[in-house]
1. Under a crude label model (7 Å from the Cα following the beta-carbon direction), how far is residue 273 from residue 229 in nanometres?
2. Taking the Cβ of residue 210 as the center, what net charge do the other residues with Cβ under 12 Å away carry, scoring Lys and Arg +1 and Asp and Glu -1?
3. Give, rounded to the nearest 20 debye, the magnitude of the charge dipole that segment 45-125 has about its Cα centre when Lys and Arg contribute +1 at Cβ and Asp and Glu contribute -1 at Cβ.
4. Could you please state how large a percent of the accessible area of segment 1-78 is carbon and sulfur, counting protein chains only and using a 1.4 Å probe?
5. Report the net charge of residues surrounding residue 233, where surrounding means a beta-carbon distance below 13 angstrom and charges are Lys +1, Arg +1, Asp -1, Glu -1.
6. Assuming R0 = 22 Å, what is the FRET efficiency of residue 172 and residue 94, from their Cβ-Cβ distance, to the nearest 0.05?
7. Which whole-number percent is the relative contact order of the chain (Cα, under 8 Å, 6+ apart)?
8. Helix 174-201 sits at what angle to the longest principal axis of the chain, using alpha carbons and giving 0 to 90 degrees rounded to 10?
Amino acid sequence: MTGTEKAALASAAVGVLVTALKFTAYWLTGSLALYSDALESIINVVAAACAFLAVRVAAQPADEDHPYGHHKAEYFSAVIEGALVIVAALLILREAYFGILDPKPLDAPALGLAVNGVATVVNAVWALLLFRRGRRLRSPALMADARHIFADVVTSVGVLAGLGLVLATGTLVLDPIVAGLVALNILWSGWTMVRDSVNGLMDQAASPEMVSRIRGLISAHSEGALEAHDVRTRHAGSATFIDFHLVVPGEMTVFESHAICDRLEGVIEAEIEGAVVVIHVEPGDQAKGRGVPVI
């Protein structure tokens, strides 16, 4: 089992624990705000399970039917997670609407807040750990899961603050109002996850910083070539596909140009984690005069 798979499985286990705590808090109080928080945690568990399946598929090597690998499976997981988050937000908005029309008193609010607070701390610690692991492994599925959990933490803090106001003022309608605000925050989080994942499915280019770094590596390690142009990049899960045209003197032998390509591929793949490099060699008369200058 890979590190990404272990992290996804651990996230599901943490999600089950947090969900149990939050539903306990809701059961103790009957609070719509705590109900909304607990419902989002159920989505966390389902999303973590989707992420686990996605990273297992993404880890499979390239085959005859998928010669470029299975990296994009992680984006599908993130899209599903985002869609589930949006559904949860709409369900919470429905409950909040009826709660505003008929607000109800809370039972054992102090104990419920304490239980929910414990769940929030557990979630916050796990979100931080998952962010670090997701960045290190360059996993869209883990990053989406970490963002969702962090949004859940922010939600929980808002819920705790809102219910604190209910206790302090006795204004019962604040409970469903807080639930509605939670739902709007969850809705935005779900939309962000779907948007980012769709960008990955649409072969979004690497960041400007990474592209600049790639061009610098090409420039510094292309000795013997004349120019490099048409540098293109795209992300697919943890992989970054890079291709460009390398212009060499027309009289250069295939052996010599191949040696330059091997050197460039080795350097780029060593410096850019997950890089997959393809280089098209062209003769000197194909130079455009506006490509990557060769040092």
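1. Here the answer is 3.5 nm between the modelled labels.
2. +1
3. 260
4. Carbon and sulfur atoms account for 68 percent of the accessible area of segment 1-78.
5. Net of charged neighbours comes to 0.
6. On the way: r = 19 Å, r/R0 = 0.85.
Efficiency for this residue pair is about 0.70.
7. On the way: 503 pairs, mean separation 57.8, N = 295.
So the answer I get is 20 percent.
8. Once rounded, one gets 20 degrees.
The values are calculated or read from the model by the stated rules, or taken from the named source; none is laboratory data. Treat the numbers as computed from the prediction; the structure is a model and nothing was measured. A quick note on method: Cβ atoms are made from the backbone with ideal geometry, for glycine too, and the neighbour counts reach across all protein chains shown. Side chains included, ligands, DNA and RNA excluded: accessible areas come from the protein's heavy atoms. Shrake-Rupley method; radii C 1.70, N 1.55, O 1.52, S 1.80 Å.
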